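What follows is one structure encoded as structure tokens, with my remarks underneath.
Values in this text are rule-based calculations from the coordinates and carry no lab data. What you see is a predicted model; the values in this text were computed from it and never measured. We place every Cβ from the backbone using ideal geometry, glycine too, and count neighbours over all the protein chains shown.
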Amino acid sequence: MKDLHTFAWYAARISPHLPKNVFKPVPSRLWGGLAYLLITVAGFITIGAFELSPFIYLGIAIVLGTSFAAMGFLGHEILHGTVVRTAWLRDLLGAIAFWPLTTGPKLWRKWHNLTHHVHTQHEENDPDAWPTFEKLAKSRFLRWVYKLPHSFRALASFVSLTVQFTLHSSRMFTLYIKEFNPKKRPTVWIEAILPWVTWIGLLFWFGPVKWFFAFLLPLLIANFIVMMYISTNHRLNPITEINDPLANSLTVTVPKWVDVLHFNFSYHTEHHLFPGMSSKYYPLVKEQIKRMWPERYHEMPLTQALKALWKTPRLYYNTAELIDPHRGNVYASLGHGLDPKEIKTIRKEVLPSKREIVKENSLIRDNKEGV
Ligand SMILES: [Zn+2]
Ligand SMILES: [Zn+2]
């Protein structure tokens, strides 16, 4: 296995080769946000004020969903402090951008900036990392899920991308709310509740049919778009003890116009090296990474990454391998032999029974307690 390095190690080697202005905030990103906000308001007014054919409503819902997603990408950037530096303005703009996806700025910064970025792909500490084989024995739900055939699970997990962001965000709220200083907790609650109050208010105002096209369907579309990226950011990579973005992150490629619409969200490895830099400059960082460490860098088209995700199970057998416990099929991860063009099983494992795993875990626990 290659030596792992922290993101600061890479950043220190790349920074001298970048122009000085790339570390400054870029407030002009807000023009894009304003455009999406105006489109969203225009969509609401059209649905609210006119009785139109459901097909036109459907078209508007698709435009609203893509706008919600794009505003989420901008919200991510704003809350990293790369658009404005003033804390209250950063949080206010971030809250507006994340309003459709209903995630509060303080919760997001704690979950994403302070936890996911610091502990990326750490087995225990990254709230976004996928489970390991050991966790299977402890979770009745996971054991039930992994009894289903792979194709059924793959289909279900792709369908669930339409709700995953919203569900995960609510889970993060319950996980982190206790960790906030009691004085800050009421604000975190208000940030979580206010968006829902407006969306439920819209339901009473518009009635269920118009609300479905103005909010619910766009929310599902937005979840799917943001999750297409998020699900490919790290899930094909290994679990890593040291937070090395070249080992544990994947940059996907999309057509240039999609990068423009999505604020360069596809550059995820670059983002983990420089989370405090505007994504406008990530193409320059990519150039440097490919010049210095081409053999370590992982990059592929988004469609290929999604296909690879479909074909591989989401359970880590050991840090660098994935396993389908249904049949015992083992797959490599990126940097450890996974070829996204030709995904295949590297070997079959005879897995211990549930009783054996539980027994082994309790032995480990007894040993630890005995020390
Ligand atoms: Zn990430
Ligand atoms: Zn980030």
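Note on the stretch 1-70: Cα Rg divided by 2.2 N^0.38 Å, N the number of residues, gives 1.94.
Taking amide H positions as modeled 1.01 Å from N, with prolines and chain starts lacking one, the residues under 5 Å from residue 253 and 5 or more places away or on another chain are 300, 302. With no solvent and one point per C-alpha, what does the Debye sum give as log10 I(q)/I(0) for the stretch 67-213 at q = 0.11, 0.15, 0.16, 0.18 Å⁻¹? Here the Debye-derived log intensity ratios amount to -0.54, -0.94, -1.03, -1.19.
For the stretch 87-163, which trypsin sites (Lys or Arg not before Pro) pass both filters: DSSP loop (anything but H, G, I, E, B) and at most 12 other C-beta atoms within 10 Å? Taking the stretch 87-163 and a limit of 12 other Cβ atoms within 10 Å, the loop trypsin sites (Lys or Arg not before Pro) found are 147. The shape of the stretch 1-159 comes out oblate: with a ≥ b ≥ c from the C-alpha gyration tensor, a/c is at least 1.5 while a/b does not beat b/c. Computed over the stretch 51-93, the convex hull of the alpha-carbon atoms projects to a mean area of 3.7 nm².
Working from the Cα coordinates of the stretch 131-188, the gyration tensor eigenvalues give, after taking √(5λ), semi-axes of 31, 16, 6 Å in decreasing order.
Rg then Dmax, both in Å and based on the Cα atoms of the stretch 98-177: 14.4, 39.
Each peptide among 73-82, 334-343 gets the average number of other Cβ atoms lying within 10 Å of its residues, and from highest to lowest they stand as 73-82, 334-343.
Quarter the surface of the alpha carbon convex hull of the stretch 86-134 and you get the mean projected area, 4.0 square nanometres.
On a 19 Å Cα-Cα criterion, which of the cross-link pairs 307/344; 138/178; 290/311; 110/138 come out too long?
Where the Cα-Cα span goes over 19 Å, the pairs concerned are 138/178; 290/311; 110/138.
Were the residues from residue 293 through residue 13 laid out at 0.36 nm apart, the gain over their Cα-Cα distance would be 99.7 nm. For the residues 258, 226, 285, a GNM of the chain with alpha-carbon springs under 10 Å puts the largest fluctuation on 258. Take every DSSP beta bridge whose two residues both sit in the chain; close to 65 percent of them are antiparallel. Helix 29-49 and the longest principal axis of the Cα set of the chain meet at an angle near 70°. On the principal axes of its alpha carbon atoms, the stretch 231-274 extends 36, 21, 11 Å, with the longest extent given first. Relative intensity of the stretch 151-224 on a log10 scale, I(q)/I(0) at q = 0.15, 0.24 Å⁻¹, equals -0.69, -1.06, per a Debye sum over C-alpha point scatterers of equal strength in the absence of solvent. When a/c is below 1.5 the answer is rounded, else prolate if a/b is larger than b/c, else oblate, so apply that to the stretch 195-354 with a ≥ b ≥ c taken from the square roots of the Cα gyration tensor eigenvalues. Here the stretch 195-354 falls in the oblate category. About its Cα centre, the dipole of the chain is roughly 260 debye, where the only charges are +1 on Lys and Arg Cβ and -1 on Asp and Glu Cβ.
For the stretch 325-335, 3J(HN,Hα) computed residue by residue from phi via the Karplus equation (6.51, -1.76, 1.60; θ = phi - 60°) reads x, 4, 10, x, 6, 10, 10, 7, 10, 4, x Hz, glycine and proline entered as x. Comparing the stretch 33-115 with the 2.2 N^0.38 Å rule of thumb, its C-alpha radius of gyration ratio is 1.25 (two decimals). In plain terms, the residue of 296, 327, 347 with the fewest other Cβ atoms within 10 Å comes first and the most crowded comes last, giving 347, 327, 296. Computed from Cα positions, the angle between helix 185-206 and the longest principal axis of the chain comes to roughly 60 degrees.
Model label points for residue 216 and residue 341, set 7 angstrom from Cα along the Cα-to-Cβ axis, are 4.5 nm apart. Under 5 Å from the amide H of residue 132 lie the amide H atoms of 316, each residue being 5 or more positions distant or on a separate chain, with H modelled from the backbone and absent for Pro and chain starts.
With a ≥ b ≥ c the root eigenvalues of the C-alpha gyration tensor of the stretch 200-253, is it rounded (a/c under 1.5), prolate (a/b larger than b/c) or oblate? Kindly include the intermediate steps, with their values, before the conclusion.
On the way: a/c = 5.85, a/b = 3.67, b/c = 1.60.
Judged from the Cα gyration tensor, the stretch 200-253 comes out prolate (a/c at least 1.5, a/b above b/c).
Mind checking the angle between helix 302-311 and the chain's longest principal axis? C-alpha axes, 0 to 90 degrees, to the nearest 10. On a 0 to 90 degree scale, this one is about 50. Count Lys and Arg as plus one, Asp and Glu as minus one, and take only other residues whose Cβ is under 14 Å from that of residue 185; the net charge is then +3.
Taking the Cβ of residue 73 as the centre, find all other residues whose Cβ is under 11 Å away and add up their charges (Lys, Arg: +1; Asp, Glu: -1). Local net charge: -1. Any idea what diffusion coefficient the stretch 243-322 gets from Stokes-Einstein, in µm²/s, Kirkwood Rh on alpha carbon pairs, 4 °C, 1.567 mPa s? The calculation lands on 95 µm²/s.
From the Kirkwood radius over Cα pairs of the chain, Stokes-Einstein at 10 °C and 1.306 mPa s returns a whole-number translational diffusion coefficient of 72 µm²/s.
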